[in-house]
Structure formats: C-alpha cells, structure tokens
1. Which semi-axes, in whole Å and largest first, does the equivalent ellipsoid of region 96-209 have when worked out from the alpha carbon gyration tensor as the square roots of 5 times its eigenvalues?
2. Kindly provide the pair-distance distribution of region 203-256 built from C-alpha pairs, with 10 Å bins from 0 and whole-percent values in order of increasing distance.
3. So what's the projected area for region 170-262, the Cα convex hull averaged over all directions, in nm²?
4. Write down the radius of gyration of region 64-271 and its Dmax, each obtained from C-alpha positions, in Å.
5. Provide the FRET efficiency to the nearest 0.05 for the residue 9-residue 30 pair, computing r from the beta carbons and using R0 = 35 Å.
6. Just order 133-140, 208-215 by mean Cβ neighbour count inside 10 Å, highest at the front, would you?
7. Measuring from a point 7 Å past the Cα of residue 156 along Cα-to-C-beta, which residues in region 189-212 have an amide N at less than 17 Å?
8. Can you give me the convex hull volume of the Cα atoms of region 147-200, divided per residue and expressed in Å³?
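Nothing in this text is a laboratory measurement; each read-out follows from the coordinates by a stated rule. All values derive from a computational prediction rather than experimental measurement. Positions of Cβ are backbone-derived with ideal geometry, glycine not excepted, and every protein chain shown enters the neighbour counts.
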C-alpha cells in the first residue's frame with residue numbers, strides 16, 4: 001500500500017468517525033444505562049431476598065405463645081431495676097416480650113379496667129398511621145388519676161404554671177387520638193411526661209408517619225404494692241411488616257422529677 005492509499009484510508013476513517021461519533025456516544029450511554037439498570041435490579045432483588053430472610057429469622061426467634069403475652073413488670077416485677085439516676089433502662093436487650101400470637105391476633109386498641117385502687121393497667125394497640133388524630137386535643141382536666149395530689153414547684157418544674165404532675169397518656173394522644181380515657185391516664189411528673197416518655201413516643205410517631213406499616217405497641221404502668229403513683233412505665237414497640245428491623249425497643253421509663261421527692265404510696269411530694 002503506497003502513501004496515497006494510506007492517506008485516503010485515514011481520511012475515510014476520520015470522515016466516518018466525525019459523521020457517526022454522536023450516534024456511537026448515544027448508543028454507548030444507552031448500553032451503560034442498561035447495564036447499570038440491570039445491576040441495580042439484581043442488587044435490589046438480592047437485597048430484598050436478604051431482608052426477607054433476616055425478617056424470617058427474627059420472627060423464628062419470637063416465642064409462639066398460646067395466648068396474648070404480658071409485660072415483664074406484670075410477669076416478673078422484681079426484675080425491674082430500682083431507679084438509679086437515669087431516665088430509663090433497657091430491658092431484655094431491647095427485645096419486647098411479645099409473642100407471635102400477639103402479631104397474628106391483636107387488632108385495634110385495648111385498655112384494662114381500673115383495679116380496686118383506681119389504677120390503670122397495660123394499654124396495648126396495633127398501631128397504624130390511619131389511627132393518628134387529625135383534630136386538636138381537648139381538655140382532660142376532669143380526669144383525676146390515682147395518686148393525683150398536685151403541687152407547684154417554682155424554679156424546679158419547667159412548666160408554666162410549674163405543676164409537678166401531668167395527666168400522662170399511656171398510649172400517646174398523637175398515636176390514636178385517645179384523650180379523656182381514664183383507663184389510659186396515669187399521674188406522672190412533668191419531666192416523665194414531656195421529656196422521658198416523649199423520647200420513645202416520637203420514635204413510634206416518626207415511623208408511622210413515614211410508612212404504611214403497623215407497630216405492635218404496649219405501655220404498662222408499674223405500681224409497687226398498693227402504691228397509687230406508678231414508679232414508671234414499661235414501653236415496648238415492634239414494627240410488624242419488617243419484623244422489628246426499623247422499630248424495636250423495650251425500656252422502663254422512670255416516673256421522677258429532678259429535685260423533687262415523691263411518696264409513691266400517696267402522691268404527696270416535697271423538695272429534696
């Protein structure tokens with residue numbers, strides 16, 4: 001091949017490339033996109049299969065149960081640690097006491113009847129965001145939970161007026177709209193209600209707001225002996241459809257107010 005032929009061949013290749021380079025680029029991008037999409041689909045399928053397997057494994061660890069479960073402070077109250085200065089303690093490594101029977105059979109909300117001393121029992125619900133209220137909360141001042149001996153503590157309690165006690169919902173109003181239900185209200189300190197319980201309630205609220213899933217939820221007040229004011233509440237939550245992957249906790253929250261000493265037998269209080 002002489003120099004003229006080589007030159008003409010180079011020119012032809014250059015003209016061909018100049019004419020079709022945009023087409024090649026587009027098809028190249030399309031090919032890369034198809035490969036990326038295929039990889040993403042394969043990865044998503046793999047991820048979904050992995051999550052399903054993990055969810056199945058978590059469910060297999062849950063006891064079957066022959067009836068509805070009971071909370072730890074009902075079944076074994078001596079296992080609830082005495083208050084040691086922290087707002088809450090984690091129970092059972094954060095795993096609720098629920099059974100598979102609860103997941104399969106519990107629907108709606110359930111509140112126990114008041115006992116002979118007028119005290120609340122456990123409040124349990126299968127929560128869904130459709131249950132969350134759309135209206136403002138109404139006054140509940142007519143309810144007087146057991147141990148309701150109200151006092152003001154200026155400079156200690158951070159509310160206005162600085163009342164020590166709140167009427168505390170076991171299942172928060174924001175979750176179901178239950179408000180003036182005496183079976184769902186206990187005497188609790190301002191700190192317990194507005195800080196300690198709210199921290200865990202917000203986790204449930206945020207989960208329900210962002211998903212269409214359900215949450216198995218239980219709050220059980222713990223009364224020592226014949227005391228009228230609960231020492232605290234046991235809180236359990238378990239996201240159902242993902243078998244507890246996104247939401248799973250089990251804590252005991254103490255009914256205390258920094259700087260105030262409470263007589264849990266009567267509801268009377270004084271500055272420490």
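1. Sorted largest first and rounded, they come to 26, 17, 13 Å.
2. Pair shares across the bins are 24, 41, 23, 11, 0.
3. Directional mean of the projected Cα hull area for region 170-262 stands at 6.5 nm².
4. Using the Cα atoms of region 64-271, the pair Rg, Dmax is 16.5, 51 Å.
5. Details: r = 30 Å, r/R0 = 0.85.
E between residue 9 and residue 30, to the nearest 0.05, is 0.70.
6. Working: 133-140: 9.4, 208-215: 16.1.
Highest-to-lowest ranking by the protection proxy: 208-215, 133-140.
7. Under cut-off, by backbone N: 189-193.
8. 85
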